[in-house]
Each structure stands twice: as structure tokens, then as C-alpha cells.
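The values are calculated or read from the model by the stated rules, or taken from the named source; none is laboratory data. Since the model is a prediction, treat every value here as computed from it, not as a measurement. Cβ coordinates were reconstructed from backbone atoms using ideal geometry, including for glycine residues, and neighbour counts include every protein chain displayed.
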Amino acid sequence: AQRVTQPEKLLSVFKGAPVELKCNYSYSGSPELFWYVQYSRQRLQLLLRHISRESIKGFTADLNKGETSFHLKKPFAQEEDSAMYYCALSALRGQNFVFGPGTRLSVLP
Amino acid sequence: DTAVSQTPKYLVTQMGNDKSIKCEQNLGHDTMYWYKQDSKKFLKIMFSYNNKELIINETVPNRFSPKSPDKAHLNLHINSLELGDSAVYFCASSLEGQPQHFGDGTRLSIL
């Protein structure tokens, strides 16, 4: 069965510092990976998906099949980036969608 | 023109009551989901419906029952509410293989 892990429950960085949110997955097939963001008391929103290979709000994520990782990175964190970040995996054409436990990012002034 | 809307936004009720949360999507998606987010922000899928068929049912208590009158609606009915049911419940929808779109959530508080 597929599984998504995010080792850090809480990550605190100072404004302007680089940030990396870790995500590892286990799945025997070819998964599709996503990052979702949830700002305080708001809905989850799609941030990135690996197949689009785009940068949203300065965030990027590269799928590393060798390390089974999909880490989320931003070179210069902003205070408005403070939120919960969930890594997610879709298998079997979307019929099995699994979220990681989430990482709370806190960007300090 | 909210894509995924759920009502009510807040629900405060007493233990033992029966309540329903409604969800509607206007995106033309064929799959809808219900998630439970606990106080630690852990997100757990409860149900999903694809073309009016239940395709995922994580081991949730049978007090929870999803009802889908059509492809655009997936309501969540909860019987005999318990203290541990207090959480935020999110509805979501998607096309097969595509990212999920979430509603604003329903904050359920059991007194």
C-alpha cells in the first residue's frame, strides 16, 4: 500500500532563510505527487504537482524516484508562507489518494 | 461561484445527536471525498464516491454514512455523535487522476 511520510511536524525558519519541507513516499508503481497548503483556518489548496514542474509562490519540488522523495523548497521564506503543508500521493489513476501527516511551517520575522 | 461548498461552516451540538453536513461541487467532477482533520491537523480520508459508488471506505465507525443523491453532492450523516467526533470535516472533489479541490471545512464541536 502507498504511504507518505513527512518527518517534521514543525519547521521554524527566519524570514529570508531557505526552507525545505521533506516528503518521502512508498509505492511500487509510478505515483503522482502533490503538495497542498493550508493557511490558518482555510481550505487546503493545491500548491504543486510534480508533473507540471512549475514554481508557485517561489516554491519548487522535484520528484526523486531513487530516493522516493518529493521535497518542497523555497530559497527565501516569507512570513506569509506560514501554514500547514501536506504532501500527497495519487496512485492507480487517482483512485487512491494518500496525504502525509503534514508539516507546520512557521516563518519568524 | 464557490467550486466546492459545504454547509454548515460551524456545527455545535450535544453528544448523542444526529447531524448532517452537506457538500456540493459545481466543477463537473466525478469523484467526491470526505476527510476528517483532527486537532493535530492530521488529515484522514473517510469516504469517496465515484459515479455514485463507494470506492474508498477507511475504517470509520458505521455511525458515519455518506449519501450521494447525484454526482454533484456528497452529504455526510453522523448518528449518535460522540466527543471524539469533534474535528474539522472537509469535502473535496476531483476528476479521476487529477488534484482534489477542497471545501472550506465544517468545524464540528460536540458538547
Selection from the stretch B:61-75 of residues that are of a type outside the set (Gly, Ala, Ser), closer than 18 Å to B:Ala3 by Cβ and out of contact with any Asp or Glu (no Cβ under 7 Å at 6 or more places or on another chain): B:Asp70, B:Leu74, B:Asn75
Of all residues in the stretch A:22-34 being more than 10 Å from chain B (Cβ to nearest Cβ) and aromatic (Phe, Trp, Tyr), the one that is farthest from the chain's Cα centre (by Cα): A:Tyr27
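Return yes or no: is B:Gln25 more than 11 Å from the chain's Cα centre (by Cα) and surrounded by 16 or more Cβ atoms within 10 Å (Cβ to Cβ)? Explain how you work it out, then say what you get.
Working: more than 11 Å from the chain's Cα centre (by Cα): yes; surrounded by 16 or more Cβ atoms within 10 Å (Cβ to Cβ): yes.
Taking the combined requirement at face value, the residue satisfies it.
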Selection from the stretch B:35-50 of residues that are buried (at least 20 other Cβ atoms within 10 Å of the Cβ) and more than 23 Å from A:Lys9 (Cα to Cα): B:Phe47, B:Ser48, B:Tyr49
Scope the stretch B:91-105; condition closer than 19 Å to A:Tyr86 by Cα and either over 15 Å from the mean Cα position of the chain (by Cα) or part of a strand (DSSP E or B) (or both); matching residues: B:Cys91, B:Ala92, B:Ser93, B:Ser94, B:Gly97, B:Gln98, B:Pro99, B:His101, B:Phe102
Number of the condition not met by A:Lys57 [criteria: (1) more than 18 Å from B:Gln37 (Cα to Cα); (2) surrounded by 12 or more Cβ atoms within 10 Å (Cβ to Cβ)]: (2)
Residue in the stretch A:32-51 that is farther than 28 Å from B:Trp34 by Cβ and surrounded by fewer than 20 Cβ atoms within 10 Å (Cβ to Cβ) present: no
Condition met for A:Gln78 (in contact (Cβ under 8 Å) with a residue 60 or more places away in the chain and either touching a Ser or Thr at 6+ places or on another chain (Cβ under 7 Å) or surrounded by 14 or more Cβ atoms within 10 Å (Cβ to Cβ) (or both)): no
Any chance B:Val88 is within 11 Å of another protein chain (Cβ to nearest Cβ), at pLDDT 95 or above and part of a strand (DSSP E or B): yes
